Every structure is written in C-alpha cells, then in structure tokens.
Amino acid sequence: MAAAPKKKIAVMTSGGDSPGMNGVVRAVVRMAIHMGCDAFCVYEGYEGLVRGGDLIKKMSWEDVRGYLSEGGTLIGTARCMAFYERPGRLTAAKNMVLNGIDALIICGGDGSLTGADRFRDEWPSLLEELVATKQLDEKQIAPYKHLNIVGLVGSIDNDLSGTDATIGAYSALARICEMVDYIEATASSHSRAFVIEVMGRHCGWLALMAGVATGADFIFIPEKPREDNWREEMCEIIKKHRGWGKRKTIVIIAEGAKDRHGGKITPEMLKDLLADKSGLALDTRITTLGHVQRGGTAVAYDRMLGTLQGVEAVKAVLEATPETETCFIAITENKIVRKPLMTAVKETQEVAKLIDAQDFAKAMSLRDTEFSDQYQSYMMTTAMGAGDHIDVESSKRMKIGFVNVGAPAGGMNAAVRAGVAYCRSRGHAPIAIHNGFAGLARHHGDAPVGSVRPFEWLEVDGWASKGGSEIGTNRELPEESGMELIASLIKKYEFDALFLVGGFEAFHAVSQLRKARAQYPELCIPMTLLPATISNNVPGTEYSLGSDTCLNELVSYCDKIKQSASATRRRVFVIETQGGRSGYVAVLSGLGVGASAVYIPEEGVSLEMLNSDVKHLKDVFTRDRGQSRAGRLLLVNEKASKVYSAKLIADIIREEAHDRFEARDSIPGHVQQGGVPSPMDRCRAVRLAIKCIQHLEQYGPGSYKNAEKIKEDPLSASVIGIKGAAVVFTGMKELEETETDWKNRRPKEAHWLEMKDVVDILGGRAPYPQPE
Ligand code: ATP
C-alpha cells in the first residue's frame, strides 16, 4: 500500500505584530516536521497568500533557529486589502492548491481570524470557481476538497473573548509596567502627576492590569466608563491620596476610553483637570506610550503560550476531520484548550458593538472572569485602600495576621498590599507579623518596633511593584520556634485568622499548625496559604507567585548567554537553575529559550543520558560546519543529580568535543529571584490575595471558640491555587495526605512534565534512550 501523502501545513502571522508570534512559527514548523509533515511559512500575512511565489516558502528545521528570542514577527505581517474581496481570496486559494497546502495555522487578531473563517467557509466554492474559470482542473483540486484551519490569537490587547490571554499581551503589559515604574521615580521626585495613555481601542485589559500592577491612582477603560461625576471622583480620590502624603500621581487611560454617553475622554482633558489651579494644581505631564508597547522580545509567558499553542495547533490539524468545527487554541487559567473559533470572534465583535451602544454591563459580562475579578481587585485596592468604605458590621470584623514564610518571591509584597487594602475596605484589622514565625517567636513584647504591628497604609500602598518581602520572611517552621509559644502568641494577639504567603516552608508551616490544633485549641482559627516561591513546588497549585518573575529573569539571562555563545560560535553553555527538587523552572525556561536539553530531579541524570546528548551535540556541530552561529544551551536544575553538576556536565562535553566545540558552565544564582516582580505575579498576587481574605472572612471572628467545628472543616486550613482551568482552595489535610511528596518537597504530580517533551521535541534532542 502506498504511504499516505505528507500533510502540508502552513503557518502565517497576520494583523498587528505581537511578541510571541515567532515562538508560534518555530513551534508549528518544528512540530509539523516532527510529525512527518511538510512545514510552510506564508510571509507577510494574507498578502503572501494572495501574491504567492517566494512569499510561500517551505521551511526546514534550521530555518527557525533563534526565533524565540526575537521580537515582532520574523515572517512579516501586513494588512491586506485584497483578501477582503473574493477575487483576492480566489487567488489565495489557487496559491494554496499549487503549493499543495492542506492546512493553515493563522496567528493574528479577530480580523485575521474572521478572514480565516470566511476563507474556510468559501473554500468549496472557490475551488469550483477555479475549475470553472479553468485556472485549475478537477485533478488538481481533488486532494484539497476540505480546508483545515486553526487559529491562534496573537494580539497585544488581550481582546479576544474565550481566552484568558492572547499571545503578546503579557509582553506588552511588561513593557507598560516597566515604563510606569520609571515614570513613578521621576513623578515622586518632583511630586508630579502623570497621565499615561496605553493601547486598547475596545479593550481595557492593558490599562486595567497596568493599574493593578502599579497601584495607579485612577484608570479609564472602555468597557467600564466611570459615573457622570468622574471628574469630581478622580480629583477627590487623588486629593485623598495626596492627603496621606503620596508624592506621585499616576492615571492610566486606555486609548479607547469614553464616558457613559460615548464622549471620548482624552489625556489632555485629564491633564487640564489635574493641573487646574483652582483645584489640585498638580504639575502634570502626559506620556503616550505608543509603539513601545509592541516592542522587544517576548516575556517567558508569551514564549510558553506561543510554543504550547503552536504545538496544540499542529495536533488539532492532524486530528481534524471534515466534520470538525474550526477551532482556535485558547488558555483558561492554566489550561490550553481548543474552542470554536467563530463563537469567540462573534463575542469579541459583540463587545465592541455593546461599548458603542453604551451597554457596558453586558460588555463586561462578555469579558472573562479574570477581567472582572481584576476590576474588582483594582477598585478595592486602590480606590478603597483608605478604609473609608467599610462594609462589614462591627461584630463581624476580624483581626488577621499576615506572615511571609520561606525565601522571597516576586509578588509577595503585592499580595500583602492587596490583602491589607481589602481588609481595610471591610473594616478588618490586618496585622503584620514581621520575619516569619521566627520573628513572631523571638521578638514579641519588648522589641522597639515590635514584630507584630498594624500596617501603615501609606507605606503599604507603595508595595505594588516592590520585589523581596517588606514585612520580612523567614524559613523557620512553627515547630522549630516552639509550637506552644506560637499558639500562645496567636492567643495573645487575638488573631482571628492567619494569611500566609510563601513557598514549601509556608506549606509545611500550615500543615504543622493544622496538626497541632488537637493539642492547642488556640490554633483553631482559619488559615490559608497563597503560594509564593520561584520553585513553584507547592502542592495545591500549578502556579506560585514569583515563578513568572523567575522565568523572565532566566529567559533574559539565557538570551544573553546564547548571544555570547553565538558570537564566539560553536559553544555550548550549561546553565544551572534553582528550583529545589522541582524541575519546573528548568523546563519552563528551557521552553522559553529553546534549550537543547534539560536535566531535572524528577528524571535524574545518567551516564547514558549524557552520552546520548553529547553524541547529539557532536552530530549537530558536525552538520553545522560553522554556518550556523546559534549557540546551544543545556539547563540543569541544581538538584537534578548529586554528581553531575553544571560544571561537570560542561567539563564532560568539552572533553568529548575534542576541540570541535567549546562548553562552559554558568550559574545565575539569586538573580533568579528577580528584582522588580513581573506584572503577572503582581496582578495574580492581588487577585488571589483578595480571594484568600474573602475566604478567611467567611469564618468570622473568634472561631477558636468553636474549635471542633474548625477542626472538622477541611478548608479551615487551606491552600489557594490555580488548578487547570480553575482557581480553587484545597484543604491542607487532603494535600498533605494525597498530593505531597514530602521527601522531595514537591507535589506528587508534576502537571508541567509533559512540557518537557515539547522542549525535547522542539530542541531537536535525540530520543533517549537511543533506539536500537
Ligand atoms: P489586530 O488585533 O492587531 O488589529 P487583526 O487580525 O484584527 O489584528 P485586521 O487588520 O483586522 O487585524 O486583519 C488583518 C487582515 O486580515 C486584514 O488586513 C485582512 O487581510 C484580513 N481580514 C480581516 N477581516 C477580514 C474579513 N472580514 N474578511 C476577509 N479578510 C479579513
């Protein structure tokens, strides 16, 4: 029997460029080749499809080397007028058939995806017309009766319904937050106000998230216009913030911001209001960020998203039948999923229409849950942080202890800030416990400042973008401090609940406290943990605060190393990553930089494995013969092996290379904790911290009086987490008993392990063990 003809899959980027598109192209090309298909790139978006010729090019494995670390889209994009018209699409269809392409993966915004669906819809009639007009004959079109299309959403606006994040949105957000952070320094120095305009004609995601991440004083977004008295409201809030002693004012406005009646709100209008001599009289400047927001390389998250979605798109193409509905690849919380393309496009267009028709409530309802959660978060943390909108009756107010445990991780301060703001808005008393349980145990009573004290809002308000842990963190566990002492202190300070932010030590601490409840009824208060550790090894969640910041640091570190390796040619770098006994950061950064191999504790390192990788590197460098300048990276988790360290692996490779190529080791160390936390860590910190306090407040004050009830309630000691497509609380006991690998200090299941296969496949790693 003759072998089935090879499938020919083409990938294209279209509409506005966005960081991460190159990751898509690399993933589609390599995955397609890996699956035994031919891979094509269509250059310049639909323009390339219409013009054909050199713009449709068959790609080899090597052609997409180095793509991950480049910004924009290397295969070009364009707005193509011809494709709006049937004759343009007819020529495009002809070019597809002539090149034998039977599947098209398109990465673009809603316009590009609408065009794609239209093309697919018309496909049979386009083929008929090509035959009728004798441009092609029946035989030529016979193998192409059905066009298979899969969409990927590349857009910096994050404006497509049905997916939490579009490829490029977090990179644009990172750029915006970086700029706002810079502006804040000068604003504070001169006590100035800045009005910052960000992109988003119909979607306020960038403005909203930038507001949450930077703790901006006021924001304007298209889908949620302010009340008619917005001028007074803005001035009043800013006056109040200034009244606390704040020296800077930041207002963020989306370019599509409007009032409730459809009237445009411009940065100039805001500037005039803020500068008005009879009012706030602030020295006010306008900064329009413009195309800076599109620029630069993709953050780790977008590289991951583009890569995993590209791989999923190829799988979707290969699994599709003529009956399969056209899909696009989405992400819901942490899960990559396929969804019907046109439903999402229609909903997206509906939002724009609803905004124009001023039906804002419905427009908001069509945004995903994270969007409305973040909007609520923003309103609670910034507008109400002053604590003057108290919603809870005095009998329900609680005293909540805040404690950070373990190593610092990006987003810890943002989480504490959000928790404090939420408590204040509800009338609860948030209390800082400085320097973890060690701080609580050692300095109580007589320390000059006290290790347990109420938060000062003015101080906390500035923590939205700060790295490290402002209240101090410590690894010591309650049992080390003395459980009896800790229990007595919890009683002494009359805590009604505990809010912990930290890594595996914090998890262990909650477990110890829970178990000690049998002996110390004072510990029968609700307690919840918001995981924060760069290692991302806390059971109960697939994501910990700080892990995104760490991945960004690692990816940019590796980009630089790779550049140096490429400049000197024929060099391999072996980089040691942190992560304890969890290979998460090694694998995810490997995904983000295109590592040739990743060594993790979950798999260990063996001589056979090294042998296979060294052999593979030798083959690669022999094949290269100096034409390719790209260096190679190998990532080794610090605990992958007791023997094979990064240095030893580099030495082995160097010895085996016999001067045909070089190998060096490199250890980024604590750089991985990051300086300024990433916007994703900051925003998720806010959203999850508020959910934690809301969870705790359900128990009300004085719950230790009902000790038995608390002990029986599985969620009275819990961990908040993102699991698959949902944000959930899981009871500590369940996690301790069923999900924790205590010996290795990590969850039993590594949800990310299959991503390692993707790193291996796309990095071209030779299968291990080598097939006979
Ligand atoms: P962005 O979010 O950056 O605006 P987009 O994909 O929405 O990205 P558009 O300019 O709307 O950007 O669309 C890109 C291209 O897709 C257009 O230039 C056109 O070639 C094609 N296209 C868009 N809408 C349609 C349509 N309704 N019919 C046919 N082709 C379309």
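The values are calculated or read from the model by the stated rules, or taken from the named source; none is laboratory data. The shown structure was predicted, so the numbers you read here are calculated from the model rather than taken from an experiment. In this analysis, Cβ positions are derived from the backbone assuming ideal geometry, glycine residues included, and neighbour counts consider all displayed protein chains.
Values as computed for the structure displayed
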| read-out | value |
| --- | --- |
| Members of the range 1-47 that are over 30 Å from Leu173 (Cα atoms), part of a helix (DSSP H, G or I) and either within 16 Å of the ligand (Cβ to nearest atom) or among the β-branched types (Val, Ile, Thr) (or both) | Ile33 |
| Members of the range 633-661 found to be in contact with a Phe, Trp or Tyr (Cβ under 9 Å, 6 or more places away or on another chain) and not in a helix (DSSP H, G or I), listed by number | Leu633, Leu634, Leu635, Val636, Asn637, Ala640, Ser641, Tyr644, Arg660, Phe661 |
| Residues of the range 93-111 classified as assigned to a helix (DSSP H, G or I) and over 18 Å from Ile9 (Cα atoms), total | 2 |
| Checking Ala169 against (1) small (Gly, Ala, Ser); (2) under 15 Å from Thr382 (Cα atoms); (3) modelled with pLDDT of 95 or more, the condition it does not meet | (2) |
| Tabulated pairs, the range 272-292, first of a type in the set (Lys, Arg), second surrounded by 15 or more Cβ atoms within 10 Å (Cβ to Cβ), C-beta under 7 angstrom, 6+ apart or interchain | Arg285/Arg192; Arg285/Phe194 |
| Selection count where residues are within 11 Å of the ligand (Cβ to nearest atom) and either more than 18 Å from Asn22 (Cα to Cα) or basic (Lys, Arg) (or both), scope the range 97-112 | 2 |
| Only listed residue being away from the ligand (no atom under 16 Å from the Cβ), modelled with pLDDT under 95 and over 26 Å from Met342 (Cβ atoms), chosen from Asp137, Asp181 | Asp181 |
| Helices (runs of 4 or more DSSP H) contained in the range 670-769 and holding at least 3 residues in contact with a Leu (Cβ under 7 Å, 6 or more places away or on another chain), over 26 Å from Val311 (Cα atoms) and not acidic (Asp, Glu) | 679-697 |
| Selection within the range 232-273 - among the basic types (Lys, Arg), under 26 Å from Gly462 (Cα atoms) and modelled with pLDDT under 95 | Lys239, Lys240, Arg242, Lys246, Arg247, Lys248 |
| Selection count where residues are out of contact with any Gly (no Cβ under 9 Å at 6 or more places or on another chain) and surrounded by fewer than 15 Cβ atoms within 10 Å (Cβ to Cβ), scope the range 132-161 | 8 |
| Only one of Gly162, Gly204, Gly115, Gly200 that is under 22 Å from Cys80 (Cβ atoms), within 16 Å of the ligand (Cβ to nearest atom) and of a type outside the set (A, V, I, L, M, F, W, C) | Gly115 |
| Enumerated helices (runs of 4 or more DSSP H) restricted to the range 352-453, each holding at least 3 residues that are in contact with a Pro (Cβ under 8 Å, 6 or more places away or on another chain) and modelled with pLDDT of 90 or more | 412-426 |
| Test result for Ala464, in contact with a strand residue (DSSP E or B) (Cβ under 7 Å, 6 or more places away or on another chain) and among the hydrophobic types (A, V, I, L, M, F, W, C) | no |
| Selected residue (only one of Thr73, Thr91, Thr77 is polar (S, T, N, Q) and under 24 Å from the mean Cα position of the chain (by Cα)) | Thr73 |
| Scope the range 162-179; condition in a helix (DSSP H, G or I) and crowded, with 21+ Cβ neighbours inside 10 Å; matching residues | Ala169, Tyr170, Ser171, Ala172, Leu173, Ala174, Arg175, Ile176, Cys177 |
| Condition met for Thr343 (within 30 Å of Leu753 (Cβ to Cβ) and either assigned to a helix (DSSP H, G or I) or in contact with a Lys or Arg (Cβ under 6 Å, 6 or more places away or on another chain) (or both)) | no |
| Tally of residues being buried (at least 22 other Cβ atoms within 10 Å of the Cβ) and not small (Gly, Ala, Ser) across the range 103-118 | 6 |
| Flag for Pro124 being within 23 Å of Ala320 (Cα to Cα), touching a residue at least 60 places away in the same chain (Cβ under 8 Å), more than 16 Å from the ligand (Cβ to nearest atom) and part of a helix (DSSP H, G or I) | no |
| Test: residue in the range 142-149 that is in contact with a helix residue (DSSP H, G or I) (Cβ under 9 Å, 6 or more places away or on another chain), within 15 Å of the ligand (Cβ to nearest atom) and closer than 18 Å to Val317 by Cα | yes |
| Top-ranked residue in the range 77-92 [being part of a loop (DSSP other than H, G, I, E, B) and among the charged types (D, E, K, R); ranked as nearest to the ligand (Cβ to nearest atom)] | Arg79 |
| Residue within the range 53-76 that is within 19 Å of Phe119 (Cα to Cα), within 16 Å of the ligand (Cβ to nearest atom) and part of a helix (DSSP H, G or I) present | yes |
| Any pair with Cβ under 6 angstrom, 6 or more apart, that starts in the range 180-193 at a residue that is outside any helix (DSSP H, G or I) and ends at one that is of a type in the set (Ser, Thr, Tyr) and surrounded by 12 or more Cβ atoms within 10 Å (Cβ to Cβ) | Ala193/Thr249; Ala193/Thr284 |
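For every residue, the table says whether it meets (1) under 21 Å from the mean Cα position of the chain (by Cα); (2) closer than 30 Å to Lys315 by Cα.
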| position | (1), (2) |
| --- | --- |
| Thr348 | no, yes |
| Ala363 | no, no |
| Lys399 | no, no |
| Met412 | yes, no |
| Ala418 | yes, no |
